[in-house]
Amino acid sequence: MTPEEILDTCRTQAVRLVRFLYCDNGGVIRGKATHVERLGDRIRTGIGLTVAMQAMNSLDQLQPVEGMGPVGEIRLVPDPETFTVLPYAPHTAAMLADHVRLDGQPYEAGPRNFLKRMAARLAERGMVLSCAVENEWSLASQRDGRYVPVDESLCFSTVGMAASAEVTDATVVALGEQGIQVEQYYAELGHGQQELSVAPRPAVRAADTQILVRETIRGVAARSGLVASLAPKPWPDQAGNGAHIHFSLWDGDGQRNLFHDPAGRFGLSRTAEQFVAGVLTHVPGLLALTAPSVNSYHRLLPKHWSSAFVCWGPDNREATVRVPSTFWGMEQASTNLEFKPTDASCNPYLAFGALIAAGLDGIERELEAPEPLAVDPATLLDREREAAGAHRYPTTLQESIRFLERDQVLLQALGDLLARSYLAVRRSEWEAYSAMAEEDRFRAHFLKY
Ligand code: GLU
Ligand code: MG
């Protein structure tokens with residue numbers, strides 16, 4: 001949309017406030033809104049933001065990071081392509097914003113800038129990563145000061161669909177009004193658990209979409225008097241919420257799926273296998289970006305369909321990378337890979353960007369993927385798993401942070417300032433949340449994502 005079209009839409013739809021949104025190093029969506037009277041200027045100038053925000057953890061505890069103190073400012077500059085009226089917030093619209101330095105250059109610690117850099121590395125090779133997220137979340141109501149699931153329904157059961165029919169309909173309508181194409185919906189395994197997937201888009205737009213989807217799920221539920229939690233493990237005794245990423249690599253004009261080769265194993269090209277090999281090589285450190293909260297590790301357990309061992313395999317829902325079977329007559333269009341160890345507490349710009357960095361490492365070094373596994377790795381003997389290279393994931397955020405600290409490919413991709421601020425924030429979260437009582441720790445994650 002051009003700035004003029006945006007102002008016109010604001011007038012016809014009586015929009016008063018426009019939120020400039022971003023996602024921070026703690027995976028929290030934050031922003032500032034401008035009154036519509038000042039939007040014409042601020043589309044161009046942005047809104048001021050203290051440099052400290054990328055050093056703020058998800059408990060609003062500011063971390064000591066050089067260059068991110070009380071002195072200094074950047075601008076939140078909105079991307080006009082992302083303008084959307086928010087159907088769940090009265091007279092309000094939103095735009096996804098970039099972090100821009102006062103000299104007009106992209107701020108090095110801006111997550112959206114990072115993903116743009118990674119997309120540009122792919123573009124140099126004539127490649128575009130297309131991504132879509134399958135979000136799972138839990139619908140709850142409050143009873144005696146506690147959050148309880150809205151139903152006790154079974155996996156994919158129509159009882160679960162019926163229990164949440166109104167709020168689901170409002171969610172699907174609200175997503176459609178924002179131009180977000182819904183693919184599938186169902187009531188998932190856990191009590192009150194829902195799942196909805198959206199259509200793939202190029203990586204930066206897909207990350208923008210993920211922010212809007214998270215906002216919509218929570219915003220619509222709140223209007224129905226409910227609470228939607230996308231926390232990775234909302235309750236200790238219920239299924240975890242994944243946010244699996246489906247991805248494929250396309251040529252520059254989006255005509256050819258570079259992951260597809262009818263002659264290859266599972267219909268995958270050599271490029272696809274190298275991408276898988278890169279991702280599997282970097283998984284231990286990658287997790288600190290894709291499953292980045294303390295709560296994430298309560299979800300990543302063997303035999304929970306979340307994946308817990310480093311491996312890949314055809315339609316293997318216990319693998320890090322599942323190769324989904326393709327659809328009849330749409331083999332090229334439906335060839336994609338599913339990355340499972342990720343959840344909605346991640347910053348999608350960082351997660352997608354890190355996935356690109358890991359996959360590109362596989363392509364550039366022409367890495368060979370290990371033997372695919374067609375069994376649940378948890379059913380193998382330890383020595384069989386070791387022989388297959390199917391190592392257990394880090395079991396805490398602290399462990400995955402330690403792997404990220406040693407992963408030069410991911411650190412270099414992030415760049416010095418983003419890496420330093422990210423690690424400071426996540427280390428502090430490990431310290432702060434581990435000091436809490438278990439119940440408080442679960443509750444503290446429940447409302448943030
Ligand atoms: N809820 C599972 C997870 O935590 C995923 C279940 C499935 O969709 O296969 O990832
Ligand atoms: Mg699911």
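The values are calculated or read from the model by the stated rules, or taken from the named source; none is laboratory data. Please read these numbers as outputs of a predicted model, since none were measured by experiment. Backbone-built Cβ (ideal geometry, glycine too); neighbour counts: all protein chains shown. These accessible areas exclude ligands, DNA and RNA; they are computed on the full protein's heavy atoms, side chains included. Shrake-Rupley method; radii C 1.70, N 1.55, O 1.52, S 1.80 Å.
For segment 200-268, a simple Cβ point-charge model (Lys and Arg +1, Asp and Glu -1, everything else neutral) yields a dipole of about 200 debye relative to the Cα centre. In the elastic network of the chain, a GNM with C-alpha springs shorter than 10 Å, the most mobile of V213, V425, V182 is V182. Annotation: amide H-H contacts under 5 Å for L21 (H modelled 1.01 Å from N, sequence separation of 5 or more, or interchain): M95, L96, A97.
Is there a quick way to get the dipole size of the chain? I mean about its Cα centre, with the Cβ of Lys and Arg at +1 and of Asp and Glu at -1; what is the value in debye to the nearest 20?
Details: 43 positive and 56 negative charges, 158 e Å.
The dipole of the chain has a size of about 760 debye.
Gaussian network model of the chain, Cα springs within a sub-10 Å range: biggest mean-square fluctuation belongs to which of P234, P370, P348? Greatest mean-square fluctuation among the candidates belongs to P370. Label-to-label distance, A120 versus E366, with points set 7 angstrom from Cα along the beta-carbon direction: 2.9 nm. In whole percents, the pair-distance distribution calculated for segment 111-154 from its alpha-carbon pairs, binned every 10 Å from zero, is 21, 25, 15, 17, 19, 3.
Both radii come from the Cα set of segment 223-278: Rg as radius of gyration, Rh as Kirkwood radius; their ratio Rg/Rh reads 1.26.
Which residue, L373, P3, M53, has the largest displacement toward the positive end of the dipole of the chain when charges sit on each Cβ (Lys, Arg +1; Asp, Glu -1)? The residue sitting farthest along the positive end of the dipole is M53. Positive-end ranking of Q178, A162, A228 along the dipole of segment 116-243, with charges on Cβ about the Cα centre, is headed by Q178. Projected over all directions and averaged, the alpha-carbon convex hull of segment 402-445 occupies 3.4 nm².
Under the criterion of Cα pairs below 8 Å and six or more residues apart, the relative contact order for segment 146-226 equals 32 percent. Along the chain, counting only GluC sites (Glu not before Pro) with a DSSP assignment other than H, G, I, E or B and at most 15 other Cβ atoms inside a 10 Å radius, the longest segment between sites is 153-365. Rg and Dmax of segment 1-89, based on Cα coordinates, read 14.9, 46 Å. Note on Q332/V71: beta-carbon distance plugged into 1/(1 + (r/R0)^6) with R0 of 41 Å gives a FRET efficiency of 0.15.
Mean projection of the alpha-carbon convex hull of the chain over all orientations, in nm²? Walk me through the intermediate numbers first.
Details: hull surface 86.3 nm².
Spelled out: convex hull of the Cα atoms, projected over all directions, averaged, 21.6 nm².
Taking 1.567 mPa s as the viscosity and 4 °C as the temperature, the Stokes-Einstein diffusion coefficient of segment 276-341 based on its alpha-carbon Kirkwood radius rounds to 103 µm²/s. Under a Cβ-Cβ cut-off of 13 Å, what is the net charge of the residues other than A89 that fall near it, where Lys and Arg count +1 and Asp and Glu count -1? Around A89, the surrounding residues sum to +2.
Charges only on Cβ, +1 for Lys and Arg, -1 for Asp and Glu: so what's the dipole of segment 264-357 about the Cα centre, in debye to the nearest 20? Write out the running numbers ahead of the final one.
Details: 7 positive and 6 negative charges, 28 e Å.
Value, rounded to 20: 140 debye.
With the cut-off at under 16 Å, measuring from each backbone N in segment 124-153 to a point 7 Å along the Cα-to-Cβ line of D253 picks out 126-128.
At a Förster radius of 30 Å, what calculated FRET efficiency corresponds to the Cβ-Cβ distance of D144 and A165, to the nearest 0.05?
0.70
Under the simplified labelling scheme, the R265-R38 pair shows an inter-label distance of 5.8 nm, with each label point 7 Å from Cα along Cα→Cβ.
With a sphere of radius 11 Å drawn around the Cβ of L189, what net charge do the other residues whose Cβ falls strictly inside it have (Lys, Arg +1; Asp, Glu -1)?
Numbers: positive: none; negative: E136, E188, E195.
Summing Lys/Arg as +1 and Asp/Glu as -1 gives -3.
Dipole orientation for segment 184-339: of the candidates L289, T271, T335, L289 has the Cα lying most toward the positive pole (charges on Cβ; Lys, Arg +1; Asp, Glu -1).
Shape call for segment 303-390 from the C-alpha gyration tensor, a ≥ b ≥ c root eigenvalues: rounded (a/c under 1.5), prolate (a/b greater than b/c) or oblate? Display every interim value, and only then the final one.
Values: a/c = 1.37, a/b = 1.21, b/c = 1.14.
In terms of gyration-tensor shape, rounded.
Here the sum of -39500 (n - 2.57) over DSSP H runs of 4 or more residues, divided by the residues of the chain, equals -11500 deg cm²/dmol at 222 nm, to the nearest 500. Over segment 311-449, the hull volume per residue, using the convex hull of the C-alpha atoms, is 166 Å³. Each residue, F156 and A199, gets one label point 7 Å from its Cα in the Cβ direction; the gap between the two is 2.4 nm. As a length-normalised measure over Cα pairs under 8 Å and 6 or more apart, the relative contact order of the chain settles at 17 percent.
Rolling a 1.4 Å probe over the protein heavy atoms gives the chain an accessible area of 41 Å² per residue. Using the alpha-carbon positions of segment 174-333, Rg (one decimal) and Dmax (whole number) come out as 17.0, 53 Å.
Computed over the chain with a Gaussian network model linking Cα atoms closer than 10 Å, the most mobile of S434, S229, S400 is S434.
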